[in-house]
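The values are calculated or read from the model by the stated rules, or taken from the named source; none is laboratory data. These figures come from a predicted structure and were not determined experimentally. Note: accessible area is taken over every heavy atom of the protein model, side chains too, but ligands, DNA and RNA are not part of it. Shrake-Rupley method; radii C 1.70, N 1.55, O 1.52, S 1.80 Å.
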Protein chains: 2
Amino acid sequence: MKLVASLGTSPGGILETFEYLRGRGIEVNDIVIVKTKDSAVSKAYDYLLSMFSCCVKLRYNDVMMGAIDLPFSDITTSDDLNELMKIVSPAINQGDYVDITGGRKAISMVMGLIAMKRKAHVVTTIVSQSKYNEVQEKLRKGHQPVTQNCSPSDKEFFCSLLSSDAVTIEINL
Amino acid sequence: MKLVASLGTSPGGILETFEYLRGRGIEVNDIVIVKTKDSAVSKAYDYLLSMFSCCVKLRYNDVMMGAIDLPFSDITTSDDLNELMKIVSPAINQGDYVDITGGRKAISMVMGLIAMKRKAHVVTTIVSQSKYNEVQEKLRKGHQPVTQNCSPSDKEFFCSLLSSDAVTIEINL
């Protein structure tokens, strides 16, 4: 089963959603990140990949992570929304999970609507404002992303970006 | 016609949406703000009221602004989402405009779904990250909200929180 998630400028949320679903016995084994060309989003993606390698992959070695790259830096017109829909729709199937937590509201809204049309689940993960600020501060200070092996200090840094008190809820009206 | 808008911790977006709609000849004369009990949201609302008095009301004196108060500080459960739906649904009618720009993604998503069910328009306003940061910085420094008359310095401060390069788009799939 797939978890399709929009990414904003913070890497948090997506892996918390994954852990929540796996913790409830839902066999998500494919994480697909939807992202723009924006430089802050690209940076968040590099960190997310490192978090995935250092903190998730070691425990769930059946899981893959990939990305859908949108051909723009930001949503600025209705045409961008239509393009987003055309690109993302084929990736979402019945029963999949769509996490709308990250990125622009317009992107989340469109992904949520696609999910509802396709009978996929719409979920969002809520991280406390203090944890969000803490993660943003760590991102500002920076840490070299992991491309090969994950050292103990990499592990310490990247796993500290995950929130232990995140709450995932399903939007099911 | 009504503009129903979710509010987050930044007052920006809503009045830009209003100006965009009025600028296109859409006779919005009732702005309804959906807000939680969160203290940062309450602060944003005080600023929004001041921006409304100093920058909007003087030019559009037929317009009213009011609020729907949600009975919680944050969305943390699916029950909160159901409660949100029950409270907000009656306020949205066919042809109204629903601005999902502010607040938690879950709140935006639910409001967007209500709008679609009711054949209202779903819109979002995109403000540049630099303008967003500038407004957040001004909010941190602070300025006494306006309760009665708007002095020239109030006007200068509160109108500077409005973005002149905001883009409003309709989400219509």
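Quick one: pull the percent of accessible area on the stretch B:9-100 belonging to carbon and sulfur, 1.4 Å probe, ligands and nucleic acids left out.
In the stretch B:9-100, the share of accessible area belonging to carbon and sulfur is 48 percent.
Using 5 Å bins from zero, what percent of all Cα-Cα pairs in the stretch B:1-69 falls into each bin?
Reading upward from the zero bin: 4, 17, 32, 26, 14, 6, 1, 0.
Just the accessible area per residue of the stretch A:65-132, please: how many Å² with a 1.4 Å probe?
Value returned for the stretch A:65-132: 40 Å² of accessible area per residue.
Give the aspartates and glutamates reachable from residue A:119 as a straight Cα distance under 12 Å; neighbours fewer than 8 places away on the same chain don't count.
A:96
Under a 10 Å cutoff between Cα atoms, tell me which one of B:80, B:62, B:154 has the largest fluctuation in the Gaussian network model of chain B.
B:62
So which residue, out of B:147, B:36, B:124, gets the largest mean-square fluctuation from a GNM of chain B using Cα contacts under 10 Å as springs?
Sorting by GNM fluctuation, first place goes to B:147.
Using the structure shown, list the pairs from B:105/B:141; A:2/A:155; A:86/A:117 with a Cα-Cα distance above 18 Å, or answer none.
Those over the limit are B:105/B:141; A:2/A:155.
Roughly how big is the A-B contact, given as buried accessible area in Å² (both sides, 1.4 Å probe, nearest 100)?
Using a 1.4 Å probe, the pair buries roughly 2500 Å².
In degrees, nearest 10, range 0 to 90: what is the angle between the Cα axis of helix B:129-141 and the longest Cα principal axis of chain B?
In chain B, helix B:129-141 runs at an angle near 60 degrees to the longest axis.
When the helix-only estimate is applied to the protein assembly as shown (DSSP H runs of n ≥ 4, each -39,500 (n - 2.57), divided by the residue count), what is the mean residue ellipticity at 222 nm, nearest 500 deg cm²/dmol?
Helix-only estimate at 222 nm: -12000 deg cm²/dmol.
What ratio of Cα Rg to 2.2 N^0.38 Å holds for the protein assembly as shown?
Relative to the rule-of-thumb radius for its length, the protein assembly as shown sits at 1.00.
Rg and Dmax in Å for the stretch B:57-173, alpha carbons only: what are they?
Using the Cα atoms of the stretch B:57-173, the pair Rg, Dmax is 16.7, 46 Å.
Taking a ≥ b ≥ c as the square roots of the Cα gyration tensor eigenvalues, with a/c under 1.5 meaning rounded and otherwise prolate when a/b beats b/c, else oblate, which class fits the stretch B:1-125?
Oblate, since a/c reaches 1.5 and b/c is not below a/b.
If one takes the longest principal axis of the Cα atoms in chain B, at what angle in degrees, from 0 to 90 and to the nearest 10, does the Cα axis of helix B:78-88 lie?
70 degrees
Using DSSP, restrict attention to beta bridges with both residues in the protein assembly as shown and report what percent are antiparallel, rounded to the nearest 5.
Percentage antiparallel, nearest 5: 20.
Among rounded, prolate and oblate, which fits the stretch A:30-102 when a ≥ b ≥ c are the square roots of the eigenvalues of its C-alpha gyration tensor, a/c under 1.5 means rounded, and a/b larger than b/c means prolate?
oblate
Below 8 Å between Cα atoms, with a sequence gap of 6+, how large is the relative contact order for the stretch B:2-171 in percent?
31 percent
Looking only at chain B, where both bridge partners belong to it, what percent of the DSSP beta bridges are antiparallel (to the nearest 5)?
20 percent
For the stretch B:60-118 and the stretch B:7-55, write down the distance between their C-alpha centroids in whole Å.
Rounded to whole Å, the Cα centres lie 13 Å apart.
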